[in-house]
Amino acid sequence: MRKKIVAGNWKMNCDIAHTYELLDQLKERALNEDVEVIVAPPFTNLQSANQALIDSDILVAAQNMHQATNGAYTGEVSADMLKGVGIETVILGHSERRAYFHEDNALLAKKVTTALEKEMTAIFCFGEELEDRTSGNHFNLVASQLKEGLFHIEAADWKDVVLAYEPVWAIGTGETASPEQAQEMHAFVRKTITEAYSEDIANDVSILYGGSVKPANAAEIFGKPDVDGGLIGGAALDAESFAAIINAFE
Ligand code: 13P
């Protein structure tokens with residue numbers, strides 16, 4: 001049985017004071033216990049967030065990490081450094097990392113390998129840009145992101161992978177993929193995994209949808225059979241909205 005997951009990607013938001021405030025507000029709320037809840041604050045606040053959540057089921061993830069284990073990579077953070085402060089989950093391949101920091105599929109494949117070697121859970125993001133969708137190339141594009149960035153892993157490693165489909169045209173734009181568009185792509189992803197690996201693996205992996213998920217549209221999106229949760233940006237910065245999204249699951 002695959003897990004239901006709602007993860008909040010805080011991006012470059014929330015200083016330490018705001019981090020504590022948001023986590024305190026979240027902890028006060030009753031959250032659906034069937035849902036694994038993850039928050040991803042900036043690097044500087046990971047350890048504090050983890051400590052603030054020590055008596056809570058909410059998990060803390062990093063938004064990125066470097067593929068090398070250590071070395072002369074000024075400004076970068078390794079898997080061991082994350083694990084050293086209790087972080088076991090990392091978001092990889094977010095479209096903002098791909099677009100602004102030139103992370104391509106080959107680089108992401110290395111990051112995935114490192115995360116899995118270090119026994120971390122990788123939340124692997126992928127998704128097409130608007131022009132891919134309007135030209136009808138979205139399925140091909142997503143298939144190549146998966147094949148080139150992820151499909152080098154061993155079958156046994158899929159237990160440590162969560163997928164996040166985030167169509168770039170729906171991120172931070174207020175424009176959401178329709179529940180049908182999300183379902184269609186998630187089903188395509190499962191078919192692609194079935195062909196490359198097996199139906200069991202395809203059925204067991206959680207696939208999250210991300211892109212302008214709000215309390216008002218979460219229930220309908222999460223109601224689709226192949227949507228196992230969400231990767232939430234803007235609405236994760238408000239405890240009430242994030243809790244409402246978590247509780248939108250039936
Ligand atoms: P928004 O929810 O703000 O559209 O962001 C989605 C996202 O990029 C989560 O990683």
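Given the criteria surrounded by fewer than 20 Cβ atoms within 10 Å (Cβ to Cβ) and assigned to a loop (DSSP other than H, G, I, E, B), does Ile153 qualify?
Values: surrounded by fewer than 20 Cβ atoms within 10 Å (Cβ to Cβ): yes; assigned to a loop (DSSP other than H, G, I, E, B): yes.
Against the criterion (surrounded by fewer than 20 Cβ atoms within 10 Å (Cβ to Cβ) and assigned to a loop (DSSP other than H, G, I, E, B)), Ile153 qualifies.
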message: Given the condition part of a loop (DSSP other than H, G, I, E, B) and buried (at least 21 other Cβ atoms within 10 Å of the Cβ), answer yes or no: does some residue in region 42-53 qualify?
response: no
message: If I ask for residues that are within 11 Å of the ligand (Cβ to nearest atom), among the small types (Gly, Ala, Ser) and in contact (Cβ under 8 Å) with a residue 40 or more places away in the chain, which ones from region 205-233 would you list?
response: Gly210, Gly211, Ser212, Gly230, Gly233
message: Out of the residues in region 156-208 meeting the condition of being surrounded by fewer than 16 Cβ atoms within 10 Å (Cβ to Cβ), within 20 Å of Leu130 (Cα to Cα) and not charged (D, E, K, R), tell me which one is nearest to the chain's Cα centre (by Cα).
response: Gly172
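With the condition kept exactly as written, say whether any residue in region 159-175 is in contact (Cβ under 8 Å) with a residue 40 or more places away in the chain and farther than 19 Å from Asn9 by Cα. It would help to see each step written out before you state the result.
Within region 159-175, the first condition is being in contact (Cβ under 8 Å) with a residue 40 or more places away in the chain, and the residues that meet it are 159-172.
With farther than 19 Å from Asn9 by Cα added as a condition, the list becomes 159.
Among the residues of region 159-175, at least one is in contact (Cβ under 8 Å) with a residue 40 or more places away in the chain and farther than 19 Å from Asn9 by Cα, which makes the answer yes.
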query: For region 225-237, what are the residues that are in a loop (DSSP other than H, G, I, E, B) and in contact with a Ser or Thr (Cβ under 6 Å, 6 or more places away or on another chain)?
result: Asp228
- request: Kindly provide the set of residues from region 156-193 that are more than 16 Å from the ligand (Cβ to nearest atom) and outside any helix (DSSP H, G or I), ordered by number.
  value: Val161
- request: Hey, could you check region 1-32 for residues that are touching a Leu at 6+ places or on another chain (Cβ under 8 Å) and part of a loop (DSSP other than H, G, I, E, B) and say which is surrounded by the fewest Cβ atoms within 10 Å (Cβ to Cβ)?
  value: Asn13
query: Residues in region 71-85: is at least one under 18 Å from the mean Cα position of the chain (by Cα), part of a loop (DSSP other than H, G, I, E, B) and buried (at least 17 other Cβ atoms within 10 Å of the Cβ)?
result: no
Candidates Ala202, Ala248, Ala196, Ala236 - the one that is in contact with a Phe, Trp or Tyr (Cβ under 6 Å, 6 or more places away or on another chain) and more than 16 Å from the ligand (Cβ to nearest atom): Ala196
task: Report yes if some residue within region 116-133 is modelled with pLDDT of 95 or more, assigned to a helix (DSSP H, G or I), out of contact with any Gly (no Cβ under 7 Å at 6 or more places or on another chain) and within 26 Å of Gln47 (Cα to Cα); otherwise report no.
output: yes
- prompt: Restricted to region 86-101, and to residues that are farther than 20 Å from Asn140 by Cα and surrounded by fewer than 16 Cβ atoms within 10 Å (Cβ to Cβ), which residue is farthest from the ligand (Cβ to nearest atom)?
  reply: Gly86
- line: Here the residues within region 194-224 that are assigned to a helix (DSSP H, G or I) and under 14 Å from Lys4 (Cβ atoms) are Asp204, Ala218, Ala219, Ile221, Phe222
message: Looking only at region 134-150, count every residue that is surrounded by fewer than 20 Cβ atoms within 10 Å (Cβ to Cβ) and out of contact with any Ser or Thr (no Cβ under 9 Å at 6 or more places or on another chain) and tell me the total.
response: 8
message: With the requirement that a residue be more than 16 Å from the ligand (Cβ to nearest atom) and either among the aliphatic types (A, V, I, L, M) or in contact with a Pro (Cβ under 9 Å, 6 or more places away or on another chain) (or both), what does region 102-131 give you?
response: Ala106, Leu107, Ala109, Val112, Ala115, Leu116, Met120
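The values are calculated or read from the model by the stated rules, or taken from the named source; none is laboratory data. Please read these numbers as outputs of a predicted model, since none were measured by experiment. Heads up, the Cβs are rebuilt from the backbone with ideal geometry, glycines too, and the neighbour counts pull from every protein chain shown.
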